1. Can you work out which of the residues in the stretch 133-184 that are at pLDDT below 90 and hydroxyl-bearing (Ser, Thr, Tyr) is nearest to the chain's Cα centre (by Cα)?
2. Out of the residues in the stretch 71-95 meeting the condition of being free of Cβ contacts under 8 Å to residues at least 40 places away in the same chain and hydroxyl-bearing (Ser, Thr, Tyr), tell me which one is nearest to Pro128 (Cα to Cα).
3. Quick check on my filter: what residues within the stretch 227-238 are small (Gly, Ala, Ser) and without any contact (Cβ under 8 Å) to a residue 12 or more places away in the chain?
4. Here's a check for you: in the stretch 208-226, which residue that is of a type outside the set (A, V, I, L, M) and in contact (Cβ under 8 Å) with a residue 24 or more places away in the chain is farthest from Pro128 (Cα to Cα)?
5. Could you check, for the stretch 142-149, whether at least one of its residues is over 24 Å from Leu251 (Cα atoms) and exposed (fewer than 10 other Cβ atoms within 10 Å of the Cβ)?
6. Filter the helices (runs of 4 or more DSSP H) completely within the stretch 176-265 down to those with at least 1 residues that are closer than 26 Å to Val100 by Cα.
7. Under 7 Å by Cβ, and 6 or more places apart or on different chains, what pairs join a residue from the stretch 239-250 that is of a type in the set (Asp, Glu) with one that is part of a loop (DSSP other than H, G, I, E, B) and modelled with pLDDT under 95?
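The values are calculated or read from the model by the stated rules, or taken from the named source; none is laboratory data. Just so it is clear, the model here is predicted, and its values are computed rather than measured. For neighbour counting, all protein chains shown are included, and Cβ atoms are generated from backbone atoms with ideal geometry for every residue, glycine included.
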Amino acid sequence: LDRLFARHEALRSVFVAPQAKPRVEILPPDAGLPVSEHDLRQRADTEAALSDLCHEEERTPFDLARGPLIRGRLVRMSDEEHVFLLTQHHIISDGWSMGVLVRELSQLYRAFEGGQDDPLPPLAVQYPDYAAWQRQWLSGERLQKQAQYWREALSGAPSMLALPTDRARPAQQSFAGASVPVVIDVDLTRDLKRLSRQHGTTLFMTVLAAWAAVLSRLSGQDDLVIGVPSANRGRREIEELIGFFVNTLALRVDLSGEPSVSELL
C-alpha cells in the first residue's frame, strides 16, 4: 500500500485554498498510506461488528486540505479470515483507476510476499503532468472553439426529461439516488452485436439508441439529452495512471419524425 501510495502522485494530492486561491499540493512519497486495524476475533457478533465498521468507514469524511485522500482498514475476522476496506475520495480516482489500483496492488503483494523487488515499471508521466498539458491545450482559440461547439449542440435543449412518475418532483432537488441493475444475457448481447455490425455502429451506439428510444416513448419527447461518462483516456501514457480522468458528455439525440430503428442507428 505504501509503495502504491508513493507510485501515484494523484493518491498523494491534497487540495488547499490559501487566500481563496485553490491549488493542488503533493504529499511526500514516504508519507505512507494510513491503515487502521481492527481485531474482531473475540467478538460473538463479528458480522454485525463488521457491518458497523463498514458504515462508520463510509460516513467518515476526508480532509481535502490535509489528506491523505485514500485510507485503509484491515479487519481480522478470525485467524484465517480478514476483510480489507480501501476508501478513496472521488476527486483523486475514477472507475478506470480502480482496475489499475487492484491490478498493481495484486502484483506488488505477490512480489513482496515472495521476497522479490517491486515488479512495476516506472510511470512515464504523472497526473499533474496530464493536468498541466490539459490546461495548456484547452486554452485560447481552441477553448473558444470547443465551448462554441457545445453551445450550438445544446442550444434549445430541454432542461429536464418529463418522465411519468408516481410522485411529483420535489420542490428542491436532493441528488439522492439509487441504482437499478440490468443484466443483458448472452443471446441478446450476440444479437445486439450482430445488429451493430449490420449498421456499422459500435455496441455502445446501438445500446444508446435503444435507451433514447425507450426514454422518448416514456416521456413523449423527441429531443433528448443523455449524460454519458467517458473514460477520457485517449493517450497510451495515461492508461496506467490512477486519477480523476472521467468526463461526462451530454449527448443530444434527435428522434423527431418517428425514425425507424435503422434510421436512428
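1. Filtering the stretch 133-184 for residues at pLDDT below 90 gives 159-171, 173-177.
Okay, now just the ones that are also hydroxyl-bearing (Ser, Thr, Tyr), so 159, 165, 174.
On the way: Ser159: 25, Thr165: 28, Ser174: 21 Å.
Within the stretch 133-184, the match that is nearest to the chain's Cα centre (by Cα) is Ser174.
2. Thr87
3. First, the residues of the stretch 227-238 that are small (Gly, Ala, Ser): 227, 230-231, 234.
Listed by number, the list holds a single entry, Gly234.
4. Step one: filter the stretch 208-226 for residues of a type outside the set (A, V, I, L, M), giving 211, 216-217, 219-223.
Still in the running and in contact (Cβ under 8 Å) with a residue 24 or more places away in the chain: 216, 219-223.
Details: Ser216: 41, Ser219: 43, Gly220: 45, Gln221: 42, Asp222: 42, Asp223: 39 Å.
This residue is Gly220.
5. The initial filter retains those residues of the stretch 142-149 that are over 24 Å from Leu251 (Cα atoms), namely none.
The answer is no; no qualifying residue exists.
6. Passing ranges, in order: 203-219.
7. Pairs that qualify, where the first residue is of a type in the set (Asp, Glu) and the partner is part of a loop (DSSP other than H, G, I, E, B) and modelled with pLDDT under 95, are Glu239/Arg233.
Each row is one residue, and each column tells you yes or no for (1) touching a Ser or Thr at 6+ places or on another chain (Cβ under 6 Å); (2) within 30 Å of Thr60 (Cβ to Cβ); (3) not assigned by TED's automatic domain parsing to the domain that holds Asp39.
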residue: Gln88; (1), (2), (3): no, yes, no
residue: Leu105; (1), (2), (3): no, yes, no
residue: Gln116; (1), (2), (3): no, no, no
residue: Arg135; (1), (2), (3): no, no, yes
residue: Leu143; (1), (2), (3): no, no, yes
residue: Trp150; (1), (2), (3): no, no, yes
residue: Pro158; (1), (2), (3): no, no, yes
residue: Gln173; (1), (2), (3): no, yes, yes
